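Peer 1: A single structure is presented below for examination.
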Amino acid sequence: MNCSLGVNAFRPGVQVAAQHFTKARSRLFAAAAAAPTTRCFSSTTTLLPFPTQNHWQANRSRLSSSSTPLFGPSSISPITVRTLIIGARNRILTHYVDLPPNYKDEEGLPFRANDLVAGEVLRLFGPSMSTTAANRLLRILHGRRVAGTLEDPVLRVNTAGYSPKEIGIALGYLRKNVYVDEVVNAGLRAEDELAALEKQQEEDAETKAEEGDTTKELGYTSRFKMYKDDPETGEEPEKKKPANQSVYGNSAFDAIRARNEAIWKEKLKKQEEERKKLEEEYKNGKAGPLAKAEDAPKREVSAKRKEWEQWAMSDLKEPPKMPAWKRLLPSTIFVALVVAGMLTYSHFYVAPSRENRLWPDCPPAAAAVAVLIGANALVWFLWKIPIMWKPLLRYFLITPATPKAFSMLGAVFSHQAFWGHLVINSAFIWFFGTRLHDEVGRADFLTTYVASGTLGFLTSLFWLVLKGHFHMTTLGASCAIYGISTAYLWLHRFDGFKIFGLPPDPYTGVQGMAFIGLFGGLNVWGLISKGHRMDVVSHLGGMAVGILAGHLLEQKKKARLEGARDTQLNLKDQKTGSGLLDNVFEKK
């Protein structure tokens, strides 16, 4: 059994240093050498206690202090066996010599006793990274640090689904919390790979030796097979010493170096071919460089679709030069008119009688919310029709570079993704919309919905324009949903809400004010974090409108109740007075 790990191929200076460190313990090595069977040293320090050396130095010194000659076939020995002590399964590996034989780059190594939990992943990577993906990335990078393959370009395919920023965050976390000498591990791996190449060359020479005289066939002049004859003249290297060659001739190490350079050039060539192929696929609409390997490639975009895209897209090369007020003023005036019109509608609206309603058998709240969901679904369907792309991009998508006033209202009903956007928003519209409608009526509900959506998007437009984020766009009903949900929770801010019957009685549940704080906190966190992809500014604007609307609706509800109470008292007084007059007339 061979356990040299390739360190016998160290330079003489390193071996001298290793012998210096192990001289005081020659008896221990002698005892180990006298043992009847060959044994690989364990990776722990209990066999060879070196109090003044660190872990990897101990392994290097004891393994490189062998009495095997420096040059010769027996000194070339690759990795064949690695042993780990029993009971060290959960130990965090940090040294190259402890690398298990079944290590795989795509699985990595544990970087601590337990994986990161969701809260830690959120603080470290933000909301864009899942817990499973974060722990997988950390395991892969920790394994590469231990294996010395952190800069190996061939293994980057296993982390192609992560952005350079996420990889940098993960490396920063590992280097701060798990100390690994990456330089030493990379050096040990390079030495092992060199030893493996030497061993392969030796095995090739032995295979050819079985077929004939390997010394003459391979061109070696010495029995150690280190220096060859000149391939042209057949003379020994010391007889012909050109100025452009080494005085020692062409050695086996020169052949190994040339072979490594050829392998490296071949790898670079393949990587360049793959890069060009990915760029070509990305231009044709196929999976881009960040697509997962298991994902099916997207179908190629048809020529007709490309024509529609060119027709619908703007031909502007860059945002037009104009002051911020020119971009903001038209949309601001339009939103002010829309909100004023909805407030007027809410003031003069009179609910129709049951027989005058379009769907008399359907509850008013369900009918109103269903119409809103249907409008959102209709606009989503229109996004699938190429001839509608141009008007939709113009009036149902907010672009801060060239904003259109009507888009402040059209974007509230616009969705492009079905499951991840339209379905989720429709569920929230139904849950909060029906409840708010039943409590305040149709006019106030629709006014809250439209005002929250338009003012929320106006807030987002101000933010994007003033920040200069002209490359971004936004759409969706999220800001309107945040408005109606916040208004409903504000009306019940001190009432308890239970989720699936929890918390159990006699607890009253979580107050509405707590949910408002939770919604606001999540959006503020998304705003201050750098990796957010949602329009959290419009969410916060919709919530602010919802709180204001909830306050006004509460005051309106109180005034309506006081008016109803006064009316009942007047009717009661009139009835009492008429009864007294009747008694007087009867007596007369």
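Peer 1: Every residue in region 495-515 that is assigned to a loop (DSSP other than H, G, I, E, B) and either open to solvent by less than 70 Å² (accessible area, probe 1.4 Å) or touching a Gly at 6+ places or on another chain (Cβ under 7 Å) (or both), please.
Peer 2: Once the filter is applied, which keeps residues that are assigned to a loop (DSSP other than H, G, I, E, B) and either open to solvent by less than 70 Å² (accessible area, probe 1.4 Å) or touching a Gly at 6+ places or on another chain (Cβ under 7 Å) (or both), region 495-515 yields Asp495, Lys498, Gly501, Pro503, Thr508, Gly509.
Peer 1: A follow-up question, please. Residue check, Leu571 against (1) among the hydrophobic types (A, V, I, L, M, F, W, C); (2) part of a helix (DSSP H, G or I); (3) surrounded by 14 or more Cβ atoms within 10 Å (Cβ to Cβ), all met but one. Which one?
Peer 2: Condition (3) is where Leu571 drops out.
Peer 1: Restricting attention to region 445-456, does a residue exist that is assigned to a loop (DSSP other than H, G, I, E, B), open to solvent by less than 30 Å² (accessible area, probe 1.4 Å) and either small (Gly, Ala, Ser) or touching a helix residue (DSSP H, G or I) at 6+ places or on another chain (Cβ under 8 Å) (or both)?
Peer 2: Looking through region 445-456, none of the residues is assigned to a loop (DSSP other than H, G, I, E, B), open to solvent by less than 30 Å² (accessible area, probe 1.4 Å) and either small (Gly, Ala, Ser) or touching a helix residue (DSSP H, G or I) at 6+ places or on another chain (Cβ under 8 Å) (or both).
Peer 1: Out of Glu294, Glu274, Glu281, I need the residue that is under 30 Å from Ala160 (Cβ atoms), assigned to a helix (DSSP H, G or I) and at pLDDT below 80. Which one?
Peer 2: Result of the check over Glu294, Glu274, Glu281: Glu281.
Peer 1: Which pairs have Cβ atoms under 8 Å, sit 6 or more apart or on different chains, and link a residue in region 138-152 that is in contact (Cβ under 8 Å) with a residue 40 or more places away in the chain and β-branched (Val, Ile, Thr) to one that is surrounded by 21 or more Cβ atoms within 10 Å (Cβ to Cβ) and outside any helix (DSSP H, G or I)?
Peer 2: If the second residue must be surrounded by 21 or more Cβ atoms within 10 Å (Cβ to Cβ) and outside any helix (DSSP H, G or I), the pairs left are Val146/Leu93; Val146/Leu99; Val146/Leu109; Val146/Val180.
Peer 1: Pick from Leu409, Leu393: which is under 30 Å from Gln555 (Cα atoms) and buried (at least 16 other Cβ atoms within 10 Å of the Cβ)?
Peer 2: Only one candidate passes the filter, namely Leu409.
Peer 1: From Lys556, Lys530, Lys498, which residue is touching a residue at least 60 places away in the same chain (Cβ under 8 Å) and over 29 Å from Leu397 (Cα atoms)?
Peer 2: When all the criteria are applied, what remains is Lys556.
Peer 1: Another question, if that's okay. Among the residues of region 412-433 satisfying the criterion of being in contact (Cβ under 8 Å) with a residue 60 or more places away in the chain and over 24 Å from His469 (Cα atoms), which is most open to solvent (accessible area, probe 1.4 Å)?
Peer 2: Trp430
Peer 1: Related question: Could you list, in sequence order, the residues of region 459-478 that are under 20 Å from Gln416 (Cα atoms) and part of a helix (DSSP H, G or I)?
Peer 2: Those that are under 20 Å from Gln416 (Cα atoms) and part of a helix (DSSP H, G or I): Ser460, Leu461, Ser478.
Peer 1: Considering each of Ala375, Ala401 in turn, give the residue that is open to solvent by less than 30 Å² (accessible area, probe 1.4 Å) and on the phi < 0 side of the Ramachandran plot.
Peer 2: Being open to solvent by less than 30 Å² (accessible area, probe 1.4 Å) and on the phi < 0 side of the Ramachandran plot holds for just one of Ala375, Ala401, which is Ala401.
Peer 1: Are any residues in region 464-486 aromatic (Phe, Trp, Tyr) and at pLDDT 95 or above, and if so, which ones?
Peer 2: Hit for region 464-486 is Tyr482, nothing else.
Peer 1: Whether any residue in region 144-158 is basic (Lys, Arg), surrounded by 19 or more Cβ atoms within 10 Å (Cβ to Cβ), at pLDDT 90 or above and assigned to a helix (DSSP H, G or I) is what I want to check.
Peer 2: Yes.
Peer 1: Next question, about the same structure. Condition first: open to solvent by less than 60 Å² (accessible area, probe 1.4 Å) and under 20 Å from Arg189 (Cβ atoms). Now tell me which residues in region 99-135 satisfy that.
Peer 2: Correct list: Leu99, Pro100, Tyr103, Asp105, Gly108, Leu109, Phe111.
Peer 1: Quick one: which residue in Ala243, Ala252, Ala190, Ala209 is modelled with pLDDT of 75 or more and small (Gly, Ala, Ser)?
Peer 2: It is Ala190.
Peer 1: Right, another one. Of everything in region 316-333 that's open to solvent by 50 Å² or more (accessible area, probe 1.4 Å) and among the hydrophobic types (A, V, I, L, M, F, W, C), which residue is modelled with the lowest pLDDT?
Peer 2: Restricting to residues being open to solvent by 50 Å² or more (accessible area, probe 1.4 Å) and among the hydrophobic types (A, V, I, L, M, F, W, C), the top hit is Leu316.
The values are calculated or read from the model by the stated rules, or taken from the named source; none is laboratory data. Computed from a prediction, not measured in an experiment: that's the story for all the values here. FYI the Cβ positions are ideal-geometry reconstructions off the backbone, even for glycines, and counts take in every protein chain you see. Heads up: the accessible areas ignore ligands, DNA and RNA and are worked out on the full protein's heavy atoms, side chains in. Shrake-Rupley method; radii C 1.70, N 1.55, O 1.52, S 1.80 Å.
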